[in-house]
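Please read the structure below before turning to the comments.
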Amino acid sequence: MRVYVPLTLPALSEAHGAGELGPAPVEAYAVTPGLRAWWGAEDEEDLEYAALRQAAGASLRLLAEQHEAARRRVVVVAEAADAAVAGADEGDEAGNGADGDEGVGRVRLTAAVPLTKAAAVHLDAEEAVDDVTAAVGALSAALRGDEKAQQVVDRADDHELLWFATQEIPALVG
């Protein structure tokens, strides 16, 4: 199953050093039944984009917890064994939005995923850093329903994540 793992640059560096996304459990996002219903599209490419955006939002939440991390969202796209993906068919745990939109498409990896199974890394461009930094600062107010703060968070979402080959990870974390 294709999964989208939200990270920060320090976490990507750790994964690179360990050679895996882990240890388990690892939060990830995927095209789940809940995401299909929420996104309202059947096109697989559109659904994968939705899972990527959900993971980018989770990366933003990770940045809010990691004050030392560079203010750039990171998502690693990887292929995980179906048996290692929990929640994809388990009701609300399947990412059906039990805890708001941020839970849509969320799954849990029950085993580490070797980086050799990673297909790509998505990362904010340098131009996004100011908006991502502002979004991190506004995140808790936005989660409480503050509309102005949500607009600040949405500005970060306006930035598309850049695509990088996995061979580029050393340069990204170096």
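Please treat every number below as a calculation from the coordinates, not as lab data. In this text, all values refer to a predicted model and were calculated from it rather than measured experimentally. With ideal geometry, Cβ positions are generated from the backbone for all residues, glycine too; neighbour counts draw on all protein chains shown.
In table form, for the structure just shown:
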{"item": "Residue within the stretch 155-172 that is in contact with a Leu (Cβ under 6 Å, 6 or more places away or on another chain) and more than 30 Å from A81 (Cβ to Cβ) present", "result": "no"}
{"item": "Check on V132, of a type in the set (V, I, T), in contact (Cβ under 8 Å) with a residue 60 or more places away in the chain, assigned to a helix (DSSP H, G or I) and within 30 Å of A18 (Cβ to Cβ)", "result": "yes"}
{"item": "The stretch 46-70: number of residues that are within 24 Å of A165 (Cβ to Cβ), among the charged types (D, E, K, R) and within 14 Å of the chain's Cα centre (by Cα)", "result": "2"}
{"item": "Scan of the stretch 151-174 for residues that are in contact (Cβ under 8 Å) with a residue 12 or more places away in the chain and among the polar types (S, T, N, Q), ordered by number", "result": "T166"}
{"item": "Residue satisfying all of: in the stretch 146-174; among the β-branched types (V, I, T) and over 19 Å from A118 (Cβ atoms); nearest to the chain's Cα centre (by Cα) among these", "result": "V153"}
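Quick grid of which residues meet (1) free of Cβ contacts under 8 Å to residues at least 40 places away in the same chain; (2) assigned to a loop (DSSP other than H, G, I, E, B); (3) touching a helix residue (DSSP H, G or I) at 6+ places or on another chain (Cβ under 8 Å); (4) closer than 26 Å to D131 by Cβ:
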position: A15; (1), (2), (3), (4): no, no, yes, yes
position: A28; (1), (2), (3), (4): no, no, yes, yes
position: V31; (1), (2), (3), (4): no, yes, yes, no
position: A50; (1), (2), (3), (4): no, no, yes, yes
position: A55; (1), (2), (3), (4): no, no, no, yes
position: L60; (1), (2), (3), (4): no, no, yes, yes
